[in-house]
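Right, one structure below, let's go through it.
The values are calculated or read from the model by the stated rules, or taken from the named source; none is laboratory data. Everything quoted here is computed from the prediction, not taken from an experiment. As a convention, Cβ positions derive from the backbone with ideal geometry for all residues, glycine included, and neighbour counts pool all protein chains shown.
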Amino acid sequence: MRKATPVLATAFGVVAFSFAAMAQMVDGEVTKVDESAGKITVKHGPIKKFDMDTGMTMVFRASDPAMLKQVKPGDKIKFEADKVSGQFTITKIEKQKKK
Ligand SMILES: [Cu+2]
């Protein structure tokens, strides 16, 4: 049983890390995708780290243009955003599963 311990500890670490990452993701809905400009408009919920205490609709840059091919207007998403060179930038995007 002792041999299994490091493996379990690693697995637990990965799971704990994933939960922490998920907690930072913001709910949103895509309202517009502008692939040529590399931008996406999202109606999003509060984002504490940007002092956005209420939801709003705003334009984000996409850190990777390939992200914009994964979503379309009307899609419910979860995303992570950062301020990169003074611009609000989506660094990670996931489609929400339909329930
Ligand atoms: Cu905002």
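Values as computed for the structure displayed
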{"item": "Residue that is surrounded by the most Cβ atoms within 10 Å (Cβ to Cβ), among those in the range 50-99 that are over 13 Å from residue 33 (Cα atoms) and aromatic (Phe, Trp, Tyr)", "result": "79"}
{"item": "Filtered residues of the range 28-42 (kept if without any contact (Cβ under 8 Å) to a residue 40 or more places away in the chain and surrounded by 14 or more Cβ atoms within 10 Å (Cβ to Cβ))", "result": "38, 39, 41"}
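Yes/no matrix, rows are residues, columns are (1) within 16 Å of the ligand (Cβ to nearest atom); (2) at pLDDT below 95; (3) within 15 Å of residue 94 (Cβ to Cβ); (4) not in a strand (DSSP E or B):
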position: 13; (1), (2), (3), (4): no, yes, no, yes
position: 21; (1), (2), (3), (4): no, yes, yes, yes
position: 42; (1), (2), (3), (4): yes, no, yes, no
position: 49; (1), (2), (3), (4): yes, yes, no, yes
position: 58; (1), (2), (3), (4): yes, no, no, no
position: 68; (1), (2), (3), (4): no, no, yes, yes
position: 72; (1), (2), (3), (4): no, no, yes, yes
